[in-house]
Amino acid sequence: MRLTAAHQSLAFSRRMLLLGGAQAALGGLLVGRLGYLAISQNEHYRLLAESNRVQLIPVPPRRGWILDRSGKPIAINRSSFRVDIIRQQLIDPERVVAELARILEMPADEIDRVHKDLQDARGFQPVAVADNIPYEKYAAIMVRIQELPGVSATRGFSRFYPDGPAVGHLVGYVGAASAKEYEADNKNPLLLVPGVKIGKAGLEKSFEKILRGQPGGQRVELTARGKLVRELDPKPDRSGQTVQLTIDKGLQVYAARRMGDQSGALVAMDVATGGMLAFVSMPSFDPNSFSDGIGRTEWRMLSEDDHIPLLNKVTLGLYPSGSTIKPAMALAFLEQGVDPRRRVHCPGGYQIGNRYFRCDAVHGSMDMHSAIERSCNTYFWATGLITDPGKTTDMVQYLGFGEKFDLPIPSQRYGTMPNPEWLLKKYHRKWQGYDSANTSIGQGYVLVNPMQLAVMPARLASGKVLQPRLVMAGKQQPAPNVAADPAHLEIVRKAMAAVVNGSGTGVGSKLPLEGIQMAGKTGTAQVYRLGARGHESNWALRDHALFIAFAPAEAPRYAIGCIIEHGGFGASAAAPIVRDCMTYLFDQQKAMDILAPLEKQWGGSLAERNARRSAAIEAVANANQARARQQQRTP
């Protein structure tokens, strides 16, 4: 029977009582010292002994879900299986790692990584071997677990995005914390636990503190050699909070699918609240690949793609607005006293100084309504020269162009809406007539992002200074009225309705819906100064295609802005996509019927094309690994 330190001290004291004289006095002194140590230091040594045999294993919390406006899942958790190695319990590392590599079919670089991590590991800290493995491989390890001392195969949860690339740029993705992120989070030990992932981009990053939750813990009793004796009282984890977005998941996915293989972005807004219904940047990446740990081959393919799938074009893409600026310019002209009946003759261009600006056609006599309807540049050049450029550009910016919005998005580029003051400060020169000409048709220094392309028609349609929002939570303040004459707003709205439903540039994109009309404005933004605009065979040299719209024209409920990079003409590339997305908002089945034959031409749905792409990437990666193994075997 083993005696505790206190029992030993008591027995020693009793023996000292049998001694006499000086020996007893000395013994009494020793007893006092030992008794003091036994009593005062007992708690300290007890805790040290406890820490030697009891280990706390952190239990990661389940991440909060991200839902759409109706509660449909956008980012959720699903059961996953992972394999770790506990270094303290490991016997014969070479054999164990080799057996795991065989079962899991691990590539050579992953095997090297596991060996290195094992060398660096300390104490009971697990070393990650594989995450999100198939159940079959998990089961294969479990039946051999007794033969693999130190191996831990567990079931947990991993992040899952049901709609993959359709929501990539909206929600972002999660991943293991870097050393920099670990330091920035006050060296939170939870971030060192294998399998724990944090938001790396998009809303996953913006709402990290809300979504992460509170970790739990499992105290386990171990032998000196690290063998599990028993599990002690657990502390349950607390799941992260749910974040509900204003996004309409159905529209989000439809818009992503409808864009096909095009490169661009689309934003849809609820005209009553400012809530964004769609936030689409295409092509995109599959956030599931990033969350699982993206391979080198896939990363290289994404990085080298000239359509830039890694760029969130909604908030970081900047483009000339083209003629989509004209409704806002028209309102600015009206507010400065320009008579909407004033007529300008368009002979096919306009002379400003020593330069002749060419219009897209010979339009003849134009008033404001017909100039918007048929997108006559000459009218806007001539009218821009007789109005105050400062007041004009102020109105356009007031309607959203060049504005930065308060949104939970990690980064946002808001472009440029030039004015005389800005020009003088940046380029140290005064505003000239050709600056008014370029700005009035959305060229020159004008740069906008696709979100602003949706905000502007939403404000014109509603007559409210709507602020775009992405999250349902929080009290919403009523938007103030647009500081413009309601009659002037109505003039602009009617002209935009004629663009689609009269004889305008967007007439080919009428809604296929009885009794519902869409108002809009086409835009073609010049990328390079070319002779035959819009038709170049080189994709990167074509003009950008833009379209803005709201519907119903008489009582607006929705607004959409869309840009197709190098799409040629707004009427032929961007407008049909907006038309079909607007159709979806009123008649989902009709919209799906339109989409089906298009996807057949493109080689299947977005999910099917993404699956083929993933299979091709995996095949390339496997071939590279096989080649590497062959090279290693070759002397």
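The set of residues in the range 408-433 that are open to solvent by 40 Å² or more (accessible area, probe 1.4 Å), within 35 Å of the chain's Cα centre (by Cα) and of a type in the set (S, T, N, Q) contains only Ser411. Taking into account only those residues within the range 207-220 that are open to solvent by 50 Å² or more (accessible area, probe 1.4 Å) and within 24 Å of the chain's Cα centre (by Cα), which is nearest to Met472 (Cα to Cα)? Result: Ile210.
Pairing residues of the range 495-517 that are among the basic types (Lys, Arg) with residues that are crowded, with 22+ Cβ neighbours inside 10 Å and part of a helix (DSSP H, G or I), at Cβ distances under 7 Å and at least 6 apart in sequence or on separate chains, gives Lys510/Val500.
If the condition is being farther than 16 Å from Pro194 by Cβ, surrounded by 17 or more Cβ atoms within 10 Å (Cβ to Cβ) and under 37 Å from the mean Cα position of the chain (by Cα), then the range 87-120 contributes Ala101, Ile103, Pro107.
Of the residues Asp131, Asp117, Asp109, which is at pLDDT 85 or above and not aliphatic (A, V, I, L, M)? Working first, answer last.
Values: Asp131 fails: at pLDDT 85 or above; Asp109 fails: at pLDDT 85 or above.
Asp117 is the lone residue from the list that is at pLDDT 85 or above and not aliphatic (A, V, I, L, M).
Number of residues in the range 308-345 that are of a type in the set (Phe, Trp, Tyr) and in contact (Cβ under 8 Å) with a residue 60 or more places away in the chain: the value is 1.
Scanning the range 467-477 for residues that are in contact with a strand residue (DSSP E or B) (Cβ under 8 Å, 6 or more places away or on another chain) and either of a type outside the set (Gly, Ala, Ser) or not in a loop (DSSP other than H, G, I, E, B) (or both) gives Pro468, Arg469, Leu470, Val471, Met472, Gln476. For the range 313-321, the criterion of being within 14 Å of the chain's Cα centre (by Cα) and surrounded by fewer than 23 Cβ atoms within 10 Å (Cβ to Cβ) is met by at least one residue.
Of all residues in the range 486-518 being in a helix (DSSP H, G or I) and among the basic types (Lys, Arg), which is least open to solvent (accessible area, probe 1.4 Å)?
Step one: list which residues in the range 486-518 are in a helix (DSSP H, G or I), which gives 486-501, 507-509.
Of the ones still in play, those that are also among the basic types (Lys, Arg) are 493-494.
Working: Arg493: 41, Lys494: 121 Å².
Here the answer is Arg493.
If you filter the range 121-161 down to residues that are open to solvent by 40 Å² or more (accessible area, probe 1.4 Å), polar (S, T, N, Q) and in contact (Cβ under 8 Å) with a residue 12 or more places away in the chain, you find that the one that is farthest from Arg95 (Cα to Cα) is Asn132. Is the range 452-461 home to any residue that is of a type outside the set (Gly, Ala, Ser), part of a loop (DSSP other than H, G, I, E, B), under 25 Å from Arg413 (Cα atoms) and over 21 Å from the mean Cα position of the chain (by Cα)? The answer is no; no qualifying residue exists.
Do we have Thr297 as surrounded by fewer than 21 Cβ atoms within 10 Å (Cβ to Cβ) and under 30 Å from Asn622 (Cβ atoms) here? Spelling it out, Thr297 is indeed surrounded by fewer than 21 Cβ atoms within 10 Å (Cβ to Cβ) and under 30 Å from Asn622 (Cβ atoms).
Going by what's in this entry, would Gly442 be described as closer than 16 Å to Leu399 by Cβ and in contact with a Lys or Arg (Cβ under 9 Å, 6 or more places away or on another chain)? Yes.
Residues that are under 19 Å from Ile85 (Cα atoms) and open to solvent by less than 50 Å² (accessible area, probe 1.4 Å) within the range 174-196 comprise Leu190, Leu191, Val193, Pro194, Gly195, Val196, listed in sequence order. When the range 436-451 is limited to residues that are in a helix (DSSP H, G or I) and open to solvent by 10 Å² or more (accessible area, probe 1.4 Å), the one that is nearest to Thr246 (Cα to Cα) turns out to be Asn438. Scan the range 365-372 and give yes if some residue there is at positive phi, small (Gly, Ala, Ser) and out of contact with any Ser or Thr (no Cβ under 9 Å at 6 or more places or on another chain), otherwise no. Checked against the condition, which is being at positive phi, small (Gly, Ala, Ser) and out of contact with any Ser or Thr (no Cβ under 9 Å at 6 or more places or on another chain), the range 365-372 yields no hits at all. The helices (runs of 4 or more DSSP H) found entirely in the range 221-319 that carry 1 or more residues being touching a strand residue (DSSP E or B) at 6+ places or on another chain (Cβ under 8 Å) and on the phi < 0 side of the Ramachandran plot are 249-258, 287-292, 313-316.
Would you mind finding the one in Val396, Val448 that is aliphatic (A, V, I, L, M) and touching a Ser or Thr at 6+ places or on another chain (Cβ under 7 Å)? Walk me through how you get there before you give the answer.
Working: Val396 fails: touching a Ser or Thr at 6+ places or on another chain (Cβ under 7 Å).
The match here is Val448.
Annotation note: Cβ proximity below 7 Å between a residue of the range 91-115 that is within 16 Å of Asn622 (Cβ to Cβ) and a residue that is β-branched (Val, Ile, Thr) and open to solvent by 40 Å² or more (accessible area, probe 1.4 Å) (sequence gap 6+ or interchain) occurs for Ala101/Ile111.
Residues in the range 244-253 that are open to solvent by 10 Å² or more (accessible area, probe 1.4 Å) and under 21 Å from Gln476 (Cα atoms): 2 in all. For the range 585-624, filtering for residues that are open to solvent by less than 40 Å² (accessible area, probe 1.4 Å) and modelled with pLDDT under 85 leaves 3.
The values are calculated or read from the model by the stated rules, or taken from the named source; none is laboratory data. Computed from a prediction, not measured in an experiment: that's the story for all the values here. Cβ atoms come from the backbone with ideal geometry, glycine included; neighbour counts cover every protein chain shown. For the accessible areas, the whole protein counts, side chains as well, though only heavy atoms, and no ligand, DNA or RNA atoms are used. Shrake-Rupley method; radii C 1.70, N 1.55, O 1.52, S 1.80 Å.
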